[in-house]
């Protein structure tokens, strides 16, 4: 049986998008196994996948720097006999892993990220607007180059939620033993400002939506204070940030009627467990290939490029706004989001 070493260290949303791909590749190629190496905390994405072995990388400690990457490669090699390396990241760390493999005579195949096309897509003066391949398509092409059978993805869900005592205890504390109303998840944050809906819009939407639904706010431990301001004096709004593990967050998302998220990992996480997602887009754009999978493309909220020709101005949302007013996010009203949500929930 051929053994593949698949590399994708970060970011969280990009790693989440590898899940449908590796499941499809394994299903179509029963004669292979995969060792998937990524940041240790992302292991829950890959639990229960047959013939897949997750190997945790400690990139900030044990496996930091070139020497650490060599140590990581040696640790994997001692545990598994690697036949092929699939680099789904194409950064210095993964290049080093591939170089070590080639020195041992192991073939390596690397993702084409389409950097030039993406640069043209966000150019201010010479913008070339076109739909670029989705990340999952780029991932599949690497496996195809390695001689494996691949085809377009099947429909999700791709992660089966697990029972959780922690979630049951949390719901009991909130007195939500029985789900007798609509449950909406909301993840208002992203890595960069160019992806985040302004808080005054978010607060107004939460206030309106919570009249007929329970709202659950997702975020990191460092975002609890900001989330508290959004939830202030709204008894049907509950903060989950810092209370659940990644595994339990996935399970909780599977219980929601709809998830509202930015262009962020939460959008992909909810999609993986089969929950409809309303996604809000600002400086970034699905043309870059990072959009939600499946039917969730129908639930995107954005200001069209016909109205704001500057979009997209950034691939990752980390560039300063050319206009200086983040109109692409400011012009998205609570009503626009609410209409998408009620189109799914009917409330």
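The values are calculated or read from the model by the stated rules, or taken from the named source; none is laboratory data. Since we're looking at a predicted model, the values are computed, not measured. Here Cβ is always computed from backbone atoms with ideal geometry, including for glycine, and neighbour counts include all displayed protein chains.
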- request: Would you be able to tell me the number of residues in the range 49-79 that are within 13 Å of residue 92 (Cα to Cα), within 26 Å of the chain's Cα centre (by Cα) and in contact (Cβ under 8 Å) with a residue 24 or more places away in the chain?
  value: 2
field: Tally, over the range 332-347, of residues that are under 13 Å from residue 300 (Cα atoms), without any contact (Cβ under 8 Å) to a residue 40 or more places away in the chain and surrounded by 13 or more Cβ atoms within 10 Å (Cβ to Cβ)
entry: 1
task: Given the conditions (1) more than 30 Å from residue 92 (Cβ to Cβ); (2) touching a helix residue (DSSP H, G or I) at 6+ places or on another chain (Cβ under 8 Å), report the number of the one that residue 171 does not fulfil.
output: (2)
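Can you give me the number of residues within the range 85-130 that are assigned to a loop (DSSP other than H, G, I, E, B) and farther than 21 Å from residue 16 by Cβ? Working first, answer last.
If we filter the range 85-130 for residues that are assigned to a loop (DSSP other than H, G, I, E, B), which is where we start, we get 88-91, 104-107, 111-114, 122-130.
Those still in the list that are farther than 21 Å from residue 16 by Cβ too: 104-107, 122-130.
Qualifying residue count for the region: 13.
Return the only residue of 204, 214, 131 being within 22 Å of residue 267 (Cα to Cα) and over 25 Å from the mean Cα position of the chain (by Cα).
On the way: 214 fails: over 25 Å from the mean Cα position of the chain (by Cα); 131 fails: over 25 Å from the mean Cα position of the chain (by Cα).
After applying the criteria, what remains is 204.
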query: Does the range 59-70 hold any residues that are surrounded by 15 or more Cβ atoms within 10 Å (Cβ to Cβ) and either farther than 20 Å from residue 11 by Cβ or not assigned by TED's automatic domain parsing to the domain that holds residue 42 (or both), and which are they?
result: 70
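Check 30, 56, 44 and return the single one that is more than 28 Å from residue 289 (Cβ to Cβ) and modelled with pLDDT of 95 or more. If you could, list the steps in order and put the result at the bottom.
Values: 56 fails: more than 28 Å from residue 289 (Cβ to Cβ); 44 fails: more than 28 Å from residue 289 (Cβ to Cβ).
Criteria check complete, one pass: 30.
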- request: Taking the options 288, 309, name whichever one is farther than 21 Å from residue 218 by Cα and out of contact with any helix residue (DSSP H, G or I) (no Cβ under 9 Å at 6 or more places or on another chain).
  value: 309
Within the range 227-244, tally of residues that are free of Cβ contacts under 8 Å to residues at least 12 places away in the same chain and closer than 12 Å to residue 185 by Cβ: 0
- prompt: List pairs: first in the range 92-118 and over 17 Å from residue 37 (Cα atoms), second part of a loop (DSSP other than H, G, I, E, B), Cβ under 6 Å, 6+ apart or cross-chain?
  reply: 113/90; 114/132; 117/132; 118/315
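Within the range 45-76, track down each residue that is closer than 23 Å to residue 251 by Cβ and touching a strand residue (DSSP E or B) at 6+ places or on another chain (Cβ under 9 Å).
Across the range 45-76, the qualifying residues are 45, 46, 47, 49, 52, 53, 54, 56.
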Criterion (surrounded by 15 or more Cβ atoms within 10 Å (Cβ to Cβ), assigned by TED's automatic domain parsing to the domain that holds residue 49, touching a helix residue (DSSP H, G or I) at 6+ places or on another chain (Cβ under 6 Å) and touching a residue at least 60 places away in the same chain (Cβ under 8 Å)) met by exactly one of 132, 153: 132
message: Suppose we filter the range 288-313 for residues that are surrounded by fewer than 21 Cβ atoms within 10 Å (Cβ to Cβ) and over 22 Å from residue 269 (Cβ atoms); how many remain?
response: 8
query: Within the range 156-188, how many residues are in a loop (DSSP other than H, G, I, E, B), surrounded by fewer than 22 Cβ atoms within 10 Å (Cβ to Cβ) and touching a strand residue (DSSP E or B) at 6+ places or on another chain (Cβ under 9 Å)?
result: 4
